[in-house]
Amino acid sequence: MSNPVSQALVIFGASGDLTKRKLLPSIYQLFIQNSLPKKFLLLGASRTAFSDLEFREKMMEFLPQDNPKKLEEFLEFLHYEPIQTDNEKDYYKLKERLESLCKEKEVENNYIFYLSTPPSLYSIIPKHLATVGLNREESHFRRLIVEKPFGTDLESAIYLNKELIKYFEEQQIYRIDHYLGKETVQNLLVLRFANAIFEPIWNRNFIDRVEITSAESLGVENRGGYYEKSGALRDMIQNHLLQLVGLVAMEPPVEVEADTIRNEVLKVFKAFKPFSSDEDIAKNVIRGQYTASNIKGKPTKGYRDEVGVAPDSRTETFAALKFYINNWRWSNVPFYIRTGKRLPTRVTEVVIHFKNSPHHLFSGGKELPQIHNQLIIRIQPDEGILMKFGMKEPGAGFVTQPVNMDFHYNTLTDKQLPSAYQRLLLDCMIGDATLYSRGDTVLEAWKFVKPIQDYWMKEEAPIYGYPAGTWGPYEADELIEGEEQTWRYPCKNLSNDGLYCEL
Ligand code: BG6
């Protein structure tokens with residue numbers, strides 16, 4: 001692939017955590033792989049008063065030190081301009097600096113503006129950029145990357161969208177959802193649409209239910225303050241998990257092109273069956289909060305004891321939903337999604353549960369458990385695909401037992417999979433918005449979760465405790481319909497499951 005055209009990347013909030021932990025390391029990896037534009041520069045902009053040199057020194061700490069020559073070369077790209085992000089006047093200064101740097105380094109005046117600031121600045125920065133004309137695409141491109149959260153509810157997201165659209169065209173706006181940048185999430189598209197065997201059975205006739213889990217073993221760490229106002233529904237479900245549902249449930253697109261794919265995702269979101277009443281929500285949406293416990297003999301704090309969290313907090317650290325997609329393909333197929341912090345392990349996966357065989361040929365007249373075919377698409381860790389089906393036990397008779405057929409991504413390559421940010425930053429540099437969320441889809445997702453948000457504001461809405469290190473509240477297990485049916489309890493390794501395994 002050829003390198004992106006010459007351009008500059010401006011990061012607002014450059015002294016913040018995301019820049020150090022994710023953005024700079026990803027840009028460095030792009031540099032190491034020779035994927036950055038040949039003529040490139042990065043300008044950090046934040047309140048902290050750094051010089052270029054100080055900024056480089058600070059960032060260096062977060063980059064791999066194994067190749068000092070390359071590292072030195074990379075640091076040359078980095079520059080810094082202290083600005084009061086909410087002060088219009090500073091944008092004249094920023095523009096001047098950007099233009100003079102580009103001139104000096106022979107970089108074209110194509111710009112990406114990355115908003116990695118507190119969300120309260122997401123509508124202010126674009127406005128000030130527009131004041132100094134940095135939004136206008138005449139002979140050069142101007143792109144805006146907006147970090148999550150994109151609003152905190154439907155109203156704030158509509159407002160933010162309106163503000164952005166005042167200054168930038170939709171095709172200039174890249175709303176980041178880092179789940180879409182994950183290699184195995186993209187593989188979902190390839191699995192579904194490059195293999196003719198799946199599409200004919202990918203519907204209500206053959207699929208019993210779809211389950212998506214995104215579990216984390218960590219707690220809220222040092223983000224208690226942010227998380228208190230967010231909770232699992234806003235933090236993970238409205239964005240990452242619904243986007244995954246979009247890719248699992250969408251119709252085959254006619255081409256791999258940003259709007260074609262996003263139109264299909266939008267259609268899925270529009271078909272979500274809305275929750276009809278508080279009772280409906282209480283029955284089908286379970287929220288939980290982790291309580292203090294011992295994990296592997298280590299005392300672990302409850303959520304309410306975390307820094308920045310109210311002692312009587314009702315913020316959910318776990319959420320599980322059962323819902324339907326009202327369209328021809330998915331009519332009556334329940335979708336179950338769950339996410340939580342302080343669960344037994346870190347895992348994200350999609351499980352397609354197929355219907356049982358219609359005739360129980362091998363039960364020998366006895367009530368034996370049915371073989372339950374499952375296709376598991378493992379997003380992380382141990383990325384891969386697992387198919388579960390029944391095989392005959394060797395020996396007399398026809399006793400069947402479930403077995404695994406598995407593919408692990410790491411057998412394809414010994415290279416490190418690119419990080420989500422690496423992939424997404426590169427896509428924006430080449431102007432490909434396929435893996436970024438579009439405004440209408442984001443709003444549709446907020447529309448779907450709105451009744452849940454409203455209900456949870458009410459005092460009578462329950463929140464269930466679960467001991468840190470367990471799979472969430474018992475009530476979440478009750479969501480799954482059918483005798484002896486339950487969530488898959490995944491382990492660290494793709495092929496293993498069950499309550500007893502290495503975590
Ligand atoms: C972020 C959430 O968007 O995603 C975090 O704000 C969460 O709370 C993270 O931990 C999970 O991402 P990943 O890539 O580690 O699964």
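Selection of strands (runs of 3 or more DSSP E) fully inside the stretch 1-101 by the criterion of at least 3 residues being of a type outside the set (Phe, Trp, Tyr) and at pLDDT below 95 returns nothing. Among the residues of the stretch 246-275, those identified as part of a helix (DSSP H, G or I), hydrophobic (A, V, I, L, M, F, W, C), away from the ligand (no atom under 16 Å from the Cβ) and more than 18 Å from Tyr174 (Cα to Cα) are Val248, Ala249, Val268, Phe269. Within the stretch 112-170, the set of residues being polar (S, T, N, Q), touching an Asp or Glu at 6+ places or on another chain (Cβ under 7 Å) and assigned to a helix (DSSP H, G or I) comprises just one member, Thr131. Among the conditions (1) exposed (fewer than 15 other Cβ atoms within 10 Å of the Cβ); (2) in a loop (DSSP other than H, G, I, E, B), Asn294 misses just one, which is (2).
Pull out all pairs, ordered by first then second residue, where Cβ-Cβ is under 8 Å, the residues are six or more apart or on different chains, the first lies in the stretch 218-229 and is under 22 Å from Trp471 (Cα atoms), and the second is away from the ligand (no atom under 12 Å from the Cβ) and of a type in the set (Phe, Trp, Tyr). Qualifying pairs under 8 Å: Gly219/Tyr290; Gly219/Tyr303; Val220/Tyr303. Looking only at residues in the stretch 176-224 that are aromatic (Phe, Trp, Tyr) and part of a helix (DSSP H, G or I), the one that is nearest to the ligand (Cβ to nearest atom) is Tyr179.
None of Val146, Val132 is under 20 Å from Thr434 (Cβ atoms) and either surrounded by fewer than 16 Cβ atoms within 10 Å (Cβ to Cβ) or free of Cβ contacts under 8 Å to residues at least 60 places away in the same chain (or both) except Val146. Taking the conditions (1) within 16 Å of the ligand (Cβ to nearest atom); (2) at positive phi in turn, Gly133 satisfies each one other than (1). Filtering the stretch 413-431 to residues that are farther than 23 Å from Ser6 by Cα and surrounded by 13 or more Cβ atoms within 10 Å (Cβ to Cβ) leaves only Leu417. Residues that are more than 21 Å from Lys58 (Cα to Cα) and small (Gly, Ala, Ser): does the stretch 101-116 have at least one? Within the stretch 101-116 (the criterion being more than 21 Å from Lys58 (Cα to Cα) and small (Gly, Ala, Ser)), the answer is no, since none of the residues qualifies. Where helices (runs of 4 or more DSSP H) sit wholly within the stretch 417-503, those with at least 1 residues that are within 30 Å of Ser26 (Cα to Cα) and at pLDDT below 95 occupy 420-430.
The values are calculated or read from the model by the stated rules, or taken from the named source; none is laboratory data. Quick caveat, the model's predicted, so the values are computed rather than measured. Cβ coordinates were reconstructed from backbone atoms using ideal geometry, including for glycine residues, and neighbour counts include every protein chain displayed.
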